[in-house]
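Here is the structure we will look at.
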Amino acid sequence: MLPDAGSAPSIRVSAAVIRDDAGRLLLVRKSGTSAFMQPGGKPEPGETPAETLVRELGEELGVAVGLEDLRGVGVFRADAANEPGHEVVADVFEVSLGGQVPVAAAEIAELRWASHGDAGRMEIAPLAAEYFLAE
């Protein structure tokens, strides 16, 4: 977690840490992009970070989670994967899907469960690679 703001313009997002029984991290790739990233997205006016994530997970993965299914991890900064010269400032939450099976929906083209070992074999957004797939 980095407390200091960088010099690049920032994009505020909410992001999920969702792991399977093997400890792999769920990553998604949005249509028209090449990097895999954590599910989540930008807030709508008036939404809290947790509310944003609940909405985004429903839209992107077709899963129904409530605020009680989220556990705050912290605020993290990393280079933006799809907006050169920008950084993401992400409110990150661990999420339990309670047995629900996520599916690619809305703007999501593909989803994958990734381990640390997969990081060298696929393009992964800096936020996930630096903080959630690191050894």
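For ALA80, nonlocal amide neighbours, meaning residues 5 or more places apart or on other chains whose placed amide H falls under 5 Å from its own, are HIS86, GLU87, VAL88. A simple rule links phi to the HN-Hα coupling: the Karplus curve 6.51 cos²θ - 1.76 cosθ + 1.60 with θ = phi - 60°, which for segment 26-37 gives 6, 10, 10, 10, 7, 3, x, 10, 10, 8, 8, 9 Hz, with x for Gly and Pro.
Based on C-alpha pairs under 8 angstrom that are at least 6 apart in sequence, the chain has a relative contact order of 34 percent.
For ALA105, neighbours were defined as the other residues whose beta-carbon sits under 9 Å from its Cβ, and their charges (Lys and Arg +1, Asp and Glu -1) total -3.
With no solvent and one equal point scatterer per Cα, compute the Debye intensity ratio I(q)/I(0) for the chain at 0.09, 0.11, 0.12 Å⁻¹ and report its log10, rounded to two decimals. Once normalised to I(0) and log-transformed, intensities are -0.23, -0.35, -0.42. In terms of packing, defined here as the mean over residues of other Cβ atoms within 10 angstrom, the peptides 66-73, 107-114 line up highest first as 107-114, 66-73. What the phi angles of segment 43-60 give under the Karplus curve with 6.51, -1.76 and 1.60, with θ = phi - 60°, is a coupling list of x, 8, x, x, 7, 7, x, 5, 4, 4, 5, 4, 5, 4, 5, x, 5, 7 Hz, glycine and proline written as x. The 3J(HN,Hα) values that the Karplus relation (6.51, -1.76, 1.60; θ = phi - 60°) gives for segment 18-24 are, in residue order, 10, 10, 8, 4, 8, x, 6 Hz. Gly and Pro appear as x.
Rule-based calculations on the coordinates, nothing more; no lab input. For clarity, every value in this text was computed on a predicted model and none was experimentally measured. No Cβ is skipped: glycine too gets one built from the backbone with ideal geometry, and neighbour counts run over all protein chains shown.
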